Amino acid sequence: QVQLVESGGGLVQPGGALRISCTASGITPNIVLYDMSWHRQISGKERELVASSHHRGGFTKYSDSVKGRFTISRDKNTIYLQMNSLKPEDTAVYFCKANGYIDYEVSYKQFENWGQGTQVTVSS
């Protein structure tokens, strides 16, 4: 079972920076994580995609609200989100998500797993 654990959230002042990380455990040789991403949920709103990273070619994608300020990076089964020039409206619970598949040779099974979330608060 693939499990995701986020860390690094906290309180930061407007204009400040913070890096959060997410590590996937339970990865066996027949498991491929082809996409890992960060999402956030602001209180009272739906969860939204912040940034994603595809394992082939390092393709990344960002939401318009964070483009130029946030950077997603990946090191094997860990993804990071470097957040710069933070604004109060970035305050949210940040979740990581992993999309992958288990290779059973004659078949495969796709999965989508979420972490438990980490709180990021931007306030003076």
Inset, instruction - Kindly indicate whether L33 is touching a residue at least 60 places away in the same chain (Cβ under 8 Å) and touching a strand residue (DSSP E or B) at 6+ places or on another chain (Cβ under 9 Å). - result: yes
Legend entry - Failed criterion for S63 (all others in (1) farther than 18 Å from G117 by Cα; (2) more than 14 Å from the chain's Cα centre (by Cα) hold): (2)
Legend entry - the stretch 36-55, residues that are touching a residue at least 24 places away in the same chain (Cβ under 8 Å), assigned to a loop (DSSP other than H, G, I, E, B) and open to solvent by less than 80 Å² (accessible area, probe 1.4 Å): I42
Legend entry - Residue tally, condition in a strand (DSSP E or B) and within 20 Å of P29 (Cβ to Cβ), over the stretch 102-124: 7
Inset, instruction - Could you please let me know if T78 is modelled with pLDDT under 95 and in contact with a Ser or Thr (Cβ under 7 Å, 6 or more places away or on another chain)? - result: yes
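The values are calculated or read from the model by the stated rules, or taken from the named source; none is laboratory data. Values in this document were obtained by computation on a predicted structure and should not be read as measured data. Every residue, glycine as well, gets a Cβ built from its backbone with ideal geometry; the counts of neighbours run over all protein chains shown. Quick note on the areas: whole protein, heavy atoms, side chains included, nothing else; ligands and nucleic acids left out. Shrake-Rupley method; radii C 1.70, N 1.55, O 1.52, S 1.80 Å.
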